[in-house]
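Below: the structure, in structure tokens.
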Amino acid sequence: MNYQSYSQCIKGQQLPLAYVDLDMLEQNAQAILQRAGNKPLRIVSKSLRSVDVIKRLLAFSDQFQGVMCFHPDEAAFLADQGLDDLLVAYPSMQVAAIEAACNATKAGKTIVLMVDSAAHVKCIDEVAKRVGVIQPVCMEVDMSTRIPGVYFGVRRSPITKPKQAVSLYNIIRKTNGVKKGGVRLDGVMGYEAQIAGVGDKLPDKHLQNFAVPWLKRYSIPQLTRRRVSVVDALERAGAKLRFVNGGGTGSICSTKNDPSVTEIAVGSGFYSPHLFDYYNEFRYQPAAGFVLEVSRAPGKGYVTCSGGGYIASGGVGREKSPKPYLPEGFELDENEGAGEVQTPLKVSTGFAKPFKAINLTLGDPVFFRHCKAGELCERFNELVLIRNGSIDARCLTYRGQGKSFI
Ligand SMILES: Cc1ncc(COP(=O)(O)O)c(C=O)c1O
């Protein structure tokens, strides 16, 4: 759809609004399924943050199995919303949240909590014993690559070796004893963020674009060997693993070749925010965005929109700002960027059409894309769902359901 058809579609709607183009969402889902071959895919909730959208994707294909959550409270909430098979991908020491998850486990839901240290196990064990349940946990293994002078990866789990994994497994095993309740190792997760979440053809980052593909090629066989050897060591030590989770949107093709991995996590590729435009291997459709109104015309070559300062998390950089998407030919003003309550846009340098041809007037919509996927939903209560050029439905975001977990 172009600017005219999107504008027609949302005519009369109160702005700002956030939208998901369901046709594009489904095209992305289809493309992701194709890339994954026959590996099951676990849907990453943090990159969607809407129960309705998660449910639509789970219904789209049987290959989408289960949800990867970001907080035990969220998993308990999703269980309450009728979802099941919930893997919490980040450890928590919050007793009330762990208790909510353990209660859902006791009620028959499959919720798996993340651990990477004895302290996590102890904390979950105490709650599980109080609740009277065997709480399944997943052990996270570090997948980063260390080269002298370069740390290629993220700071997550301290477990880097099979020996460390087996000693944590032995701690987990000992929680099942005299008292009713405890902790059971159910799976392993190794998330190669440096492959899945780092683009390799970023604008104006020539050195990085040269180094990153090389680092990825170096890192993939190394991390694969580590994941395989940890899983092997745990199984030889007696662990009965139900699943081994790995990967993310940007690593589907390499993760699926790891023989130890039984499921791949995927989230961002569905909305495909602009951070995911810069990968050599794929390009998904821009399925989600937000719309601001032009509220001012401060001078020749500029329009100013109301709202828009939705900056993405992570290392600070210009690329974390949202990007004007439609109509084409606008860019953020370097001095002001995307502002707290207003966002000036200027005609892009070198844009072919003269400003007049774009012809935006006060009240007109401007379509933007967020840098990251799920964070958009922290700014809006609902998503307008577009299909075939018209509004098909609306659905609530987590925020719209009064939920903010982190
Ligand atoms: C554990 C884990 N797996 C997978 C992903 C990938 O998610 P996405 O496909 O949204 O990039 C993430 C994202 O941070 C993650 O933390």
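The values are calculated or read from the model by the stated rules, or taken from the named source; none is laboratory data. Remember, it's a predicted structure, so these values are computed and weren't measured experimentally. For neighbour counting, all protein chains shown are included, and Cβ atoms are generated from backbone atoms with ideal geometry for every residue, glycine included.
Worth a mention:
- Any hit, the range 321-337, residues being under 24 Å from the mean Cα position of the chain (by Cα) and free of Cβ contacts under 8 Å to residues at least 40 places away in the same chain: no
- The residues listed here are 74, 126; of these, the one that is within 16 Å of the ligand (Cβ to nearest atom), part of a helix (DSSP H, G or I) and at pLDDT 95 or above is 74.
- Flag for residue 216 being out of contact with any Pro (no Cβ under 7 Å at 6 or more places or on another chain), away from the ligand (no atom under 14 Å from the Cβ) and either of a type outside the set (Phe, Trp, Tyr) or assigned by TED's automatic domain parsing to the domain that holds residue 385 (or both): yes
- Members of the range 225-257 found to be within 12 Å of the ligand (Cβ to nearest atom) and either touching a residue at least 60 places away in the same chain (Cβ under 8 Å) or not assigned by TED's automatic domain parsing to the domain that holds residue 160 (or both), listed by number: 245, 246, 248, 249, 252, 255
- Subset tally (residues that are away from the ligand (no atom under 12 Å from the Cβ) and either charged (D, E, K, R) or in contact with a strand residue (DSSP E or B) (Cβ under 6 Å, 6 or more places away or on another chain) (or both)) for the range 265-316: 26
- Qualifying residue in the range 150-169 (condition: modelled with pLDDT under 95, farther than 24 Å from residue 405 by Cβ and surrounded by fewer than 20 Cβ atoms within 10 Å (Cβ to Cβ)): yes
- Some residue of the range 335-343 being crowded, with 22+ Cβ neighbours inside 10 Å and more than 16 Å from the ligand (Cβ to nearest atom): yes
- Hits in the range 189-244 - residues which are among the hydroxyl-bearing types (Ser, Thr, Tyr), surrounded by fewer than 19 Cβ atoms within 10 Å (Cβ to Cβ) and modelled with pLDDT of 95 or more: 229
- Complete set of residues in the range 25-59 that are of a type in the set (A, V, I, L, M, F, W, C), surrounded by fewer than 20 Cβ atoms within 10 Å (Cβ to Cβ) and closer than 19 Å to residue 289 by Cβ: 31
- Among the numbered conditions (1) within 22 Å of residue 222 (Cβ to Cβ); (2) touching a helix residue (DSSP H, G or I) at 6+ places or on another chain (Cβ under 7 Å), the only one that residue 163 does not meet is (2).
- Whichever residue in the range 14-51 is in contact with a Cys (Cβ under 9 Å, 6 or more places away or on another chain) and assigned to a helix (DSSP H, G or I) and, among such residues, is nearest to residue 264 (Cα to Cα): 36
Table: residues versus (1) in contact (Cβ under 8 Å) with a residue 40 or more places away in the chain; (2) more than 16 Å from the ligand (Cβ to nearest atom).
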{"site": "163", "(1), (2)": "yes, yes"}
{"site": "168", "(1), (2)": "yes, yes"}
{"site": "176", "(1), (2)": "yes, yes"}
{"site": "187", "(1), (2)": "yes, no"}
{"site": "192", "(1), (2)": "yes, no"}
{"site": "208", "(1), (2)": "no, yes"}
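- Failed condition for residue 260, given (1) more than 16 Å from the ligand (Cβ to nearest atom); (2) under 30 Å from residue 173 (Cβ atoms); (3) touching a helix residue (DSSP H, G or I) at 6+ places or on another chain (Cβ under 8 Å): (1)
- Flag for residue 79 being within 14 Å of the ligand (Cβ to nearest atom) and either aliphatic (A, V, I, L, M) or not assigned by TED's automatic domain parsing to the domain that holds residue 129 (or both): no
- Residue ID - farthest from residue 306 (Cα to Cα), chosen from residues in the range 1-46 that are polar (S, T, N, Q) and without any contact (Cβ under 8 Å) to a residue 40 or more places away in the chain: 38
- Evaluation of residue 134 against (1) within 16 Å of the ligand (Cβ to nearest atom); (2) more than 30 Å from residue 215 (Cα to Cα) (one fails), failing number: (1)
- Qualifying residue in the range 331-354 (condition: more than 18 Å from residue 293 (Cβ to Cβ), in a strand (DSSP E or B) and of a type in the set (S, T, N, Q)): no
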